[in-house]
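Trainee: Pasting in a structure now, in structure tokens, and then I'll have a few things to ask.
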Amino acid sequence: MTGEIEELRARLAEIDDLRNASRVLDWDQQTMMPPRGAQARADALATLERIVHEMFVDERTGRLIERARTRLEREGADPDSDEARLVAVAARRYEKARRVPSELAAEIAHASSIGQQVWAKARAEEDFAAFAPYLQRNLDLARRYVDCFQGLDFERPYDVLLDDYDPGMRAAEVARLFEQLKAGLVPLIERLSPVVVDDSCLHRRVDVERQRRLVREVLQLQGFEPEGWRLDDAVHPFATSLGSGDVRITTRWDEGYFPMALFGAMHECGHGLYEDGIAPELRRTPLGHAESLSLHESQSRLWENFVGRGRAFAEQLAPRVVRTLYGGEGELDPEQLFRAVNRVAPSFIRVEADEATYGLHIVLRFELEQELIEGRIGVGELPEAWNARMREYLGLEVRRDSEGVLQDVHWSAGLIGYFPTYALGNMIAAQLWACARRELPELERQIAGGELRTLREWLRERVHRHGAKFQTGELLRRVCGEPLMAEPFLRYLREKLGAAYGVELIPPQPHQEVE
């Protein structure tokens, strides 16, 4: 490795270490910290963010990037090499970060920390008015952040924010994909939601300790390793990696509905497997975490739904539910469980939505975020705008803000532009799942037998080990030979739900004009 690359890696490693320290404070804030620690934690996170930002945008970092890039060009380095990709990613992030004043970066971090604490209390007390000023603060900061990028290749303000979560993705492309998604989902939901499905097996009262045992059983099948992982409780489930060999995931519990904790944990474990599977040589560099949250969400959604709610895994899950949750009493047919966990029914809470209605939850948030950033609706109008779209898209009357506008943590943390990655992740997951099934003919049989290692290693090799080397479209073309598309996900849903409901689901035909 060249001296220039070594110098750059050393600089970036220090920055990554400090970012990991911030992640520790953020994890603690959401899992362990007493509420009265909110102000001090916000100050600490803001200080760390300012220091990290100043280190990264310092002219010394820019010189090291340029020297390394010049050396690689002179040597004719392979553009796919770790060194070349490291320099390219670092340069792209540097050019974006240096436009943002350190004071603004610190303000955003501070507001995020305080906002999350206020949101948790407001959600518990059904008090949107108490949260509204903090949301307004986050929006004001987001607009100031967007203003830093005037004159660059961003067509809309929202593009700047979306680019932070899925580099290169634009709102117009998301809107195009989401229109295709809606066109496929609406008739599917209309066909299946009126059908009565017996899901009583999911609603038996089960104490949290027995649920914990089931969750740990399933997570260990996925690849949870107690020596390097933690599972904790959180108001809103999340996952994070605090460095090599340290993965933290969380879930939440409902004694009357065990799928909340189980599938939430499987989802977050999917994120953890991605972080844990990044090649060791990429650690402590900008390549050592995933570049695209759409790719990240594809992994969590794949494990939660394609595996966890799949027919094959029901063969494993049904007897474990009876043994661990029901104390060995009674029976649970895998087919009954498969149908129950795939019931299509509009519901209020995004993270508990079925796979068909979930996409409409994301479309709602995508539209509202753009309108908020562009000033087409105000914070005070948000609850009614939210409720109106829930009525239009899912036919539901929101009864309280905790099942409406206050249900998600993202806006309290300033994570505006994040939501589209969930639905994009579903699309990516479907494309990866189709590729895996082609390349692993025994996959379904292995999953039914509780052997998840083969899929885990396939994903590690194709996706995880690359870290941030490839953006969404490039990785999909490398793995599946195709761009990001909505149709593979819609096809997967038609096949899966058709099997669960015992009906043939035919794709909607394009409208034709009659002359």
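We did not get these values from a lab; they are worked out from the coordinates using the rules stated. These numbers come from a predicted model, not from an experiment. When we count neighbours, we look across all protein chains shown, and the Cβ atoms used for this are built from the backbone with ideal geometry, even at glycine.
Trainee: Give the percent of DSSP beta bridges with both residues in segment 171-501 that are antiparallel, rounded to the nearest 5. Please list the in-between numbers first.
Mentor: Numbers: 3 of 8 bridges.
Taking every DSSP beta bridge with both residues in segment 171-501, the antiparallel ones total about 40 percent.
Trainee: Another question, if that's okay. What lysines sit close enough to K469 to cross-link, taking a C-alpha to C-alpha distance under 21 Å and skipping anything fewer than 8 places away on the same chain?
Mentor: Result set, ordered by chain and number: K96.
Trainee: Which label belongs to the value computed from this structure, given these candidates for semi-axes √(5λ) of the Cα gyration tensor in Å: (1) 40, 27, 23; (2) 33, 29, 22; (3) 36, 27, 25?
Mentor: The value computed from this structure is option (3).
Trainee: Right, something else. Please arrange Y165, Y257 by counting, for each residue, the other beta carbons lying within 10 Å of its beta carbon, fewest first.
Mentor: Placing the least packed residue first, the sequence is Y257, Y165.
Trainee: Looking at S112, A130, N20, which one has the Cα that reaches farthest to the positive end of the dipole of segment 3-152 (charges on Cβ: Lys, Arg +1; Asp, Glu -1)?
Mentor: Positive-end residue among those listed: A130.
Trainee: When a/c reaches 1.5 or more, the comparison of a/b and b/c decides; with that in mind, is segment 431-515 rounded, prolate or oblate per its Cα gyration tensor?
Mentor: Oblate is the answer for segment 431-515, as a/c is 1.5 or above yet b/c matches or exceeds a/b.
Trainee: Starting from the amide H of L396, placed 1.01 Å from N in the peptide plane, find each other amide H under 5 Å away whose residue is 5 or more places distant or on another chain.
Mentor: Amide H neighbours of L396: R391.
Trainee: Please list the non-local residues whose amide H lies under 5 Å from the amide H of D232, H modeled 1.01 Å from N, same-chain partners needing a gap of 5 or more.
Mentor: When sequence neighbours closer than 5 places are left aside, the close amide H contacts are I249, T250, T251.
Trainee: How large is ³J(HN,Hα), in whole Hz, for each residue of segment 210-227 in order, when computed from phi with the Karplus curve 6.51 cos²θ - 1.76 cosθ + 1.60 and θ = phi - 60°, using x for Gly and Pro?
Mentor: Computed from phi, the couplings for segment 210-227 are 5, 4, 4, 5, 5, 4, 5, 4, 5, 4, 5, 4, 5, x, 4, 10, x, 6 Hz.
Trainee: Tell me, what ³J(HN,Hα) does each residue in segment 24-38 have, in order and in whole Hz, if you take phi through Karplus 6.51 cos²θ - 1.76 cosθ + 1.60 with θ = phi - 60° and put x for Gly and Pro?
Mentor: Computed from phi, the couplings for segment 24-38 are 4, 5, 5, 4, 4, 4, 8, 10, 10, 5, x, x, 6, x, 4 Hz.
Trainee: Can you list the residues, at least 5 places off or on another chain, whose amide H is less than 5 Å from the amide H of D254, using H built in the peptide plane?
Mentor: A261
Trainee: Under a point spin-label approximation (7 Å from Cα along Cα-to-Cβ), what is the L18-R210 distance to one decimal in nm?
Mentor: Those two pseudo-labels are separated by 5.1 nm.
Trainee: Starting from the Cα of R399, step 7 Å along the direction of its Cβ; do the same at R230; then give the gap between the two resulting points in nm.
Mentor: Each label point lies 7 Å from its Cα, and together they span 3.6 nm.
Trainee: So which GluC sites (Glu not before Pro) in segment 392-435 end up in coil per DSSP with only 14 or fewer other C-beta atoms within 10 Å?
Mentor: E397
Trainee: Taking the Cα centroid of segment 331-395 and of segment 436-515, what is the distance between the two, rounded to the nearest whole Å?
Mentor: Each part reduced to its Cα centre gives a spacing of 22 Å.
Trainee: Give the order of F348, F258 when sorted by the count of other beta carbons within 10 angstrom, beginning with the fewest.
Mentor: Exposure proxy ranking, most exposed first: F348, F258.
Trainee: Counting other beta carbons within 10 Å of each residue's own, what order do V118, V100 fall into, fewest first?
Mentor: If I rank by nearby Cβ atoms, fewest first, I get V100, V118.
Trainee: Another one. Checking the cross-link filter: which lysines have an alpha carbon closer than 27 Å to that of K182, excluding same-chain neighbours under 8 positions apart?
Mentor: K496
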